[in-house]
Amino acid sequence: MKRAVLWSMLALALAVSCRSNPTAEELQDVFALLDLDRPGLEQVKANCDAADWDSAAADLLQYYRARKDVYIPGHESREASEQDMLWADDALEHTFHVLEEPVWNYGREINWEYWPVKDIEMRVQLHRQGWWTSLGRAYCTTGEEKYAREYVSEFRDWVRKNPYKPFGITQDGTVSSGALDINSPNECFAWRPLEIGIRLLRWPMQLDLLLDSPEFTPEFLLEFLRSYHQNATVLMGSFSPEGNHLIHQSSGAIRAGICFPEFKDAESWVRAGADNLNAEISRQTLPDGCHFELDPGYHIGFVESYDEALQVAAMNGRPDLLSPECMEQLSRMVRYYLDYCYPDGTHPCFSDARRHDDLASEELLEHFGAGTPDYKSSGYPGSGFYCLRNGWDEDSIIMPIKATERGSWHAQPDFGTFELWAYGRKMMPDAGSYTYSGDGEIEKERAYFKATARHNALTLDDRNYDHPEPLVEEWMPLGARQILTVEHQAYEGLRRRRSFEFIDEQYFVISDIVSGPATGRLTLRCGLGPGSLEQTGEGEFIYRDGDAGLLLSVSGPEGSAVSVEQDWYSEAMHFRQLRPVIRLDAERTGDAGEQLFVTTIRPFKEEQQ
């Protein structure tokens, strides 16, 4: 009797609070989505047959709390980190860590459309609710119900204020943030297929973390299942036609079906996701294992999405969802990544990559046997990534080089740029990206960081490179004098040949030769980290970062002028730092012929100097 009264009160509250809240009848309809003949649901079915909906809901909650035959990824990661506690405590005040920076408060009555900085990435990331996982871990670690209570409150608030409205996969913005107009209606941000796929990936773990809380009531379980099923159903009709978004969406579909096999539609979700992943591995990667975006961050993000699908499938007795051909290409992709990443597990910030994007899981690396290889330097002429290195540990000297074609939206006009790691420090970081897309100010900032002039490159009048057609003239990754020489038509009327020489695996000589009828100002730049730079002679410098550093020298055609400027670089969204940049300027006249620029870079540790 008490349950019936509570159910009636819930129905009344739902009816009057907001039109988009589920009614009691709508919550009852959740049972029709389930396969009640599944073992363990016998009592739930009996109560449904008797129209005893409150008892059926209570028994369903007990079923999920006792369920042992489904592994949910992340189940073992229940301890809150210091960051989790910060994010969770801030969430109690509706201050959400959508990204690492900036952090905003969304108001006592949460405004899910609040958007003070018109960067589209920050608007869509809000609807991925990453901090909800932190609330779950905070609850598991402390046992304090305030975290579970806040999760339930925010979940209900999001569902109520962000109802789904069909807008079609052909509408601008459903495929990439770069195409999404900032004036699009809210549903285009909240229900973009990528955000749906990521919610399908995250919500199961959040349920797993919070399921035992008294705040997770039978009624809320039905609300959760109703919304989760809606997300999966919408995604089935709105998969992106191509691109990296489709991979995240497909991994989410697989997790939805495997983590919630009670849904009648579960197997169709799994099959749709697996079919997409098996087909897209060859469409979105090059034969040598490089992701077609030519961006280290998107490369490893692609691998991680497959990894997420692999883990949930393998741990739930379905290891064969991905084809042998798919697994072979994933192995190439992992090896490709390891060849140019750093000993701390991070990768160069080429294109839109961010430094905090880490390597795929240890389980994936172990699965593919990706140990330390018996070679050092490596190159992939088919796609254009190279790496000169003298080892694999923290004290190694490592120079990743990007000499690719222009690439797609996430790539940059940066042919021949490079980073440098030495003695545990990133000595010469790339410019990074800082922002994605948004209003005019955001687009201006994106264009600034994307420009060729922000890279370790040589420009004509600081213009961006034209679309290069790379030519590899020499690639010799062995011996005391390792060489990479690449050439491209940098601009109309100006051809550039850049040669990297790694001498005795200790220092680098980089030569740039330009030719052609173009005229203007040539500028060679060498961007450094946030350490200190001292000029010790004409074109000679010493850079220090702690107990390590670089000896650098630059020279150019007769009449060249050397100077130092301060410029920005970025390793995380909306976070930037100033750094010293060595620049060498020279005029190019119509009769200049070939002009040569030479850069020498010698890493050192203080005791070796």
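Taking the Cα atoms only, what angle lies between the long axis of helix 193-210 and the longest principal axis of the chain, rounded to 10 degrees?
60
For LYS264, which sequence-distant residues (separation of 5 or more, or a different chain) have an amide H within less than 5 Å of its own amide H, given hydrogens modelled in the peptide plane?
Amide H neighbours of LYS264: LEU34, ASP35.
Considering only the other residues whose Cβ falls under 9 Å of the Cβ of ARG525, what net charge follows from Lys and Arg at +1 and Asp and Glu at -1?
Here the count lands on 0.
Mind checking the stretch 291-333 for GluC sites (Glu not before Pro) that DSSP puts in a loop (not H, G, I, E or B) and that have at most 14 other Cβ atoms within 10 Å?
none
Compute the semi-axes of the equivalent ellipsoid of the stretch 219-285, taking the square root of 5 times each eigenvalue of the Cα gyration tensor, and list them largest first in whole Å.
Taking √(5λ) for each eigenvalue gives 24, 12, 8 Å, largest first.
Mind pulling the per residue volume of the convex hull built on the Cα atoms of the chain? Å³ is fine.
153
Name the residue farthest towards the positive end of the dipole of the chain from the options VAL270, LEU60, HIS97, assuming +1 on Cβ of Lys and Arg, -1 on Cβ of Asp and Glu, about the Cα centre.
It is LEU60, whose Cα lies furthest towards the positive end.
With N denoting the number of residues in the stretch 43-131, provide Rg(C-alpha) divided by 2.2 N^0.38 Å, to two decimal places.
1.58
Provide, in order from the shortest bin, the percent of all Cα-Cα pairs of the stretch 73-238 in each 10 Å bin, continuing until the bin that contains the maximum pair distance.
Pair shares across the bins are 10, 39, 37, 13, 1.
Largest first and in whole Å, what are the equivalent-ellipsoid semi-axes of the stretch 240-374 based on the Cα gyration tensor, each being the root of 5 times an eigenvalue?
26, 16, 13
Show me the ranking of peptides 128-139, 400-411, 335-346 by mean Cβ neighbours inside 10 Å, starting with the highest.
128-139, 400-411, 335-346
Projected area of the stretch 385-608, taken from the Cα convex hull and averaged over every viewing direction, in nm²?
So the mean shadow area of the Cα hull is 12.4 nm².
Find the relative contact order for the chain and round it to a whole percent, using C-alpha pairs within less than 8 Å whose residues are 6+ positions apart.
10
Throughout, read-outs are computed from the coordinates displayed, never taken from laboratory work. Keep in mind the model is a prediction, meaning the values are calculated, not measured. Glycine also receives a Cβ, built like all others from the backbone with ideal geometry; neighbour counts cover every protein chain displayed.
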